[in-house]
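**Q** Dropping a structure here in structure tokens format, bear with me for questions.
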Amino acid sequence: MDVRSDTIEGHSQHCELLTISEDLQEEGMAAFEIQNCSTEGVLPEESVSSCTQSAASIEDTSSIAYPFEILSDLETSCSSSFASSSTGPVTMDLCKVDWKDPALWPENLQDKERNQIVLSGLMTEEDLKKMAYRMTLDSDGRSFSEYLLYAKSSNGREKILRDWLRWSDSKHVLYCITCRAFSTNYYHRKDGSILCRSEGFDPSKNTWHRLYTRLPEHERSAQHRKYYLSWRALQRSIGGQGVDFEMQRKLTREAEKFAALLERLLNVTLFLASRNLAFRGCSQRIGDIQNGNFLGTLELVAKYDSVLREHLEKVKQSQEKGKRLPAHYLSSATQNELIDVCGRHVLNVMLSERQQSIYFSVICDATPDVSHMEQNVIILRYVHRDLVKRKWGIQERFLEFFDFFEKTGEEIAEMLLTRLCEHGIDVKDCRGQGYDNGANMSGKIKGVRSRIQQKYPAALFSPCAAHSLNLVGVHAASSSPEMKTFFGSVNRLYVLFSSSPERWSALLDEVGGSLHGLSDTRWSSRIEAVKPIAQKLPSVLKALERVLKSKKLTSAAHSEAEGLLDYFSSFRAIVLATFWVKVLQSFEERNKILQSRSVSIDIGAANIRALSEEMKILRDKWPALLSESKVVADSMEIPKELLNAHQLRKKKADKNVKDLDVEIYFKVNMFFPAMDVIISDLDQRFKSMEEVCKLFAPILNLRTLSEEELKTSTEMLISTYRDDFTESLLTELQLLRKIYAETFTNQLGPLELLNSIYELQLEGIFGEICIALRIFATLPLSVAEGERAFSKLALIKNYLRSTMSEQRLNSLALLSIEHELARQLNFKDLINEFSEAKVRRMSTTNL
């Protein structure tokens, strides 16, 4: 019988269809109702599946997607793999597979892949003859006979072409292409036809003569006929010739409509997440003022958008009638999954960037959140090349928050390594670590840095430069009792005015600006606190006098105001304010540079050296500082006395003090100690930064090193990174030094040199130098990105959203912190995949 002449009409089959319980879907749960629906006169089971789900996926229930995995399908497609279920196979790139070669197909085919195979078509008689010519000899050295390309009819008078035969040029075996395309577990069984198995018919292990009996047995089998019918049915469906063509066209229109709707929902999700706004309200009803930002924004956009307006109106009508539409995408559960899908898409892109960059550094910090959970943050720093701009740039990307309250270095290190591995990050590529100066993180013996370096020696540690600079200022501010009194008085002044709206209004009237409090962890706040006092001290004193004239002060507030007025009316307060505003201004300028994402360690070290030189110069400028303070005191008619009456009596009573010079006493006991602490701390706390710069001296100081110094420093660098460099690094450096002046303009920094080498297309001869430049730029300078992440954490997880889950928190944080990356991504592929899957499922529930 000619199989090709069989009609697919008149078959009656039963297919198990999966429907979704809308009631439970609204509550974020999934329920399943198995229905048997008769499809008489349409297509057999496999043919119906061509419009909804393939025969393979109907037979294999592991590939059925469950209701709330609809969005998981979209999530999975972020990484270019749209699987039918969370445990399903990963879809291959359709453009990179030769679908005419069955040996190259993935083990478990998906609908799109099967469609691609059917579109490639069965072979014509001419193609089969050409294929027979390419077949190899069998184990007896005989060639394939064209006689095997045909089957005989039952009367022996007709020849029927075996168009289902397919030769694999890659594996040199013979297959039945229809069975291979539609069978699932059948071709794995040992008792099945060898033409259906993954190994195929191998002529090197068999003889072609055996096919004279095997081919007729195979083509008469029920399985072969079933899968051949499935092939033809799907072929007719795809080509628009089958009875289900109208259904296919309807599905396409529905998919386009859902794609347009999803595009708007995803844009609203990104909008709200990037601005740290809450999604849900007290109600989920359309038109309710308390239905939250998500539904409220959709209602606003719907006024100007017909697609969204039509959908919202339909949902509103169903809500008024007490009915629920299947999967209307507006429920709280769907909002969570949209957030999760977008967040995972951003995360996958970020992890892909990291994988392309190879080398990375890890930055970790911790802080308690509003729900008293210890939130740890992981930041990845790497050097990535933008393929559009064709430029290398330093990236610091947020990875995740995770709750971990343990405090020992060993426990934190193990948790950190575990989290990195869970994201598929190879810790062997880690080249740097960045933490604050806490003993449990930066300890040389039991800290996190030492624990990780024991396993991965190439992961160099670099303490947070911004935190180290902050500690320098903190120690200088507590170098003498007079310094402590000054900063204590500055903070008390802020507390006095900020504790009363009336006093704050008086301050604004007189000063024209506000005061700021102090913070030990935010050193930049000190310049904001001291600058108004140094620049507008007369106005501050007038504000204090105005407060004292008020009769509404309590006795404690009155006493506090009198004490502050007396202190800031003294010459010593003017001297200290003049001194500290200069020091803090220099600190603030460097602090902003150290906290920048795109700054490498060499720039940080240069700024610290410059700051140290400034402090040394300022230490020698005591006379000029004192003269400047005297000018201010004269303009305010304040006596130029550095010590108060109590201090003078105490010092004069001291028998060891003869001919007391107040100015010298103030300089030696207050000014010099503060300056010496700053200078010495700048040298001590930034030694590790200088050591890193010394290690990379061959690329940082290439033009100034002698030949012997270049050789010695290069050997040290190679010994530190044995897996990254070879002896050829020295040869490359010597060549680069010869051509540097003629090739590059001026002295370039590491990142500029790296980009210049690639612009001139010289990376082929300076390969190891490029690696060294990338590793150096990868090393972290500060943990400021972690602190910025904590600022976002406080906005996202506030007291109104304190019960937020970790997964939702991380997704929202990714969309907020990495909002620039999220805006650049294209979600259309995700939307199309999801809408197509959704429409197919809805069509099966309506059958």
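**Q** Quick one: Tyr382 ticks every box in (1) surrounded by fewer than 22 Cβ atoms within 10 Å (Cβ to Cβ); (2) of a type in the set (Phe, Trp, Tyr); (3) closer than 24 Å to Leu773 by Cβ except a single one, so which number is it?
**A** (1)
**Q** Something else now. Residues to consider are Ile574, Ile608; find the one that is within 20 Å of Pro780 (Cα to Cα), β-branched (Val, Ile, Thr) and in a helix (DSSP H, G or I).
**A** Within the list Ile574, Ile608, the selection yields Ile608.
**Q** Now a separate question. If a residue must be open to solvent by 60 Å² or more (accessible area, probe 1.4 Å), over 14 Å from Phe568 (Cα atoms) and either not aromatic (Phe, Trp, Tyr) or not in a helix (DSSP H, G or I) (or both), how many such residues does the stretch 483-519 contain?
**A** Residues in the stretch 483-519 being open to solvent by 60 Å² or more (accessible area, probe 1.4 Å), over 14 Å from Phe568 (Cα atoms) and either not aromatic (Phe, Trp, Tyr) or not in a helix (DSSP H, G or I) (or both): 10 in total.
**Q** Please go through the stretch 421-436 and give me each residue that is of a type in the set (Asp, Glu) and under 15 Å from Leu399 (Cα atoms), ordered by number.
**A** Passing the criteria: Glu422, Asp426.
**Q** Here is a list: Leu161, Leu149, Leu165. Which entry is modelled with pLDDT of 90 or more, over 45 Å from the mean Cα position of the chain (by Cα), open to solvent by 10 Å² or more (accessible area, probe 1.4 Å) and among the hydrophobic types (A, V, I, L, M, F, W, C)?
**A** Leu161
**Q** Sticking with this one: Given the structure, is Gly424 over 26 Å from Ser600 (Cβ atoms), open to solvent by 20 Å² or more (accessible area, probe 1.4 Å) and in contact (Cβ under 8 Å) with a residue 40 or more places away in the chain?
**A** yes
**Q** Take the residues in the stretch 740-770 that are part of a loop (DSSP other than H, G, I, E, B) and polar (S, T, N, Q); name whichever of them is modelled with the highest pLDDT.
**A** Ranking the qualifying residues of the stretch 740-770, first place goes to Gln761.
**Q** Based on this model, can you work out whether Gln433 counts as in contact (Cβ under 8 Å) with a residue 12 or more places away in the chain, assigned to a strand (DSSP E or B) and farther than 27 Å from Ser600 by Cβ?
**A** It is false that Gln433 is in contact (Cβ under 8 Å) with a residue 12 or more places away in the chain, assigned to a strand (DSSP E or B) and farther than 27 Å from Ser600 by Cβ.
**Q** Step by step: first the residues of the stretch 116-142, then only those that are closer than 25 Å to Arg220 by Cα and polar (S, T, N, Q), then the one that is farthest from the chain's Cα centre (by Cα). Which residue is that?
**A** Thr124
**Q** Output the number of residues of the stretch 758-799 satisfying the condition of being open to solvent by less than 50 Å² (accessible area, probe 1.4 Å), farther than 22 Å from Gly432 by Cβ and either in contact with a Gly (Cβ under 6 Å, 6 or more places away or on another chain) or among the β-branched types (Val, Ile, Thr) (or both).
**A** Within the stretch 758-799, residues that are open to solvent by less than 50 Å² (accessible area, probe 1.4 Å), farther than 22 Å from Gly432 by Cβ and either in contact with a Gly (Cβ under 6 Å, 6 or more places away or on another chain) or among the β-branched types (Val, Ile, Thr) (or both) number 1.
**Q** Could you check the stretch 207-237 and list, in sequence order, the residues that are open to solvent by less than 20 Å² (accessible area, probe 1.4 Å) and within 53 Å of the chain's Cα centre (by Cα)?
**A** Passing the criteria: His218, His224, Tyr227, Tyr228, Ser230, Trp231, Ala233, Leu234, Ser237.
Residue-wise test of (1) small (Gly, Ala, Ser); (2) open to solvent by less than 40 Å² (accessible area, probe 1.4 Å); (3) touching a helix residue (DSSP H, G or I) at 6+ places or on another chain (Cβ under 8 Å); (4) not in a helix (DSSP H, G or I).
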position	(1), (2), (3), (4)
Leu300	no, no, no, no
Arg309	no, no, yes, no
Lys314	no, no, no, no
Tyr329	no, yes, yes, yes
Gln335	no, yes, yes, no
Ile339	no, yes, yes, no
His345	no, yes, yes, no
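**Q** Only one of (1) modelled with pLDDT under 90; (2) under 30 Å from Tyr175 (Cα atoms); (3) small (Gly, Ala, Ser) is not met by Ala259, so which one is it?
**A** Only one criterion in (1) modelled with pLDDT under 90; (2) under 30 Å from Tyr175 (Cα atoms); (3) small (Gly, Ala, Ser) is unmet by Ala259, namely (2).
The values are calculated or read from the model by the stated rules, or taken from the named source; none is laboratory data. From a predicted model like this one, the values you see are computed outputs, not experimental measurements. Note: ideal-geometry Cβ built from the backbone for every residue, glycine included; neighbour counts use all protein chains shown. Heads up: the accessible areas ignore ligands, DNA and RNA and are worked out on the full protein's heavy atoms, side chains in. Shrake-Rupley method; radii C 1.70, N 1.55, O 1.52, S 1.80 Å.
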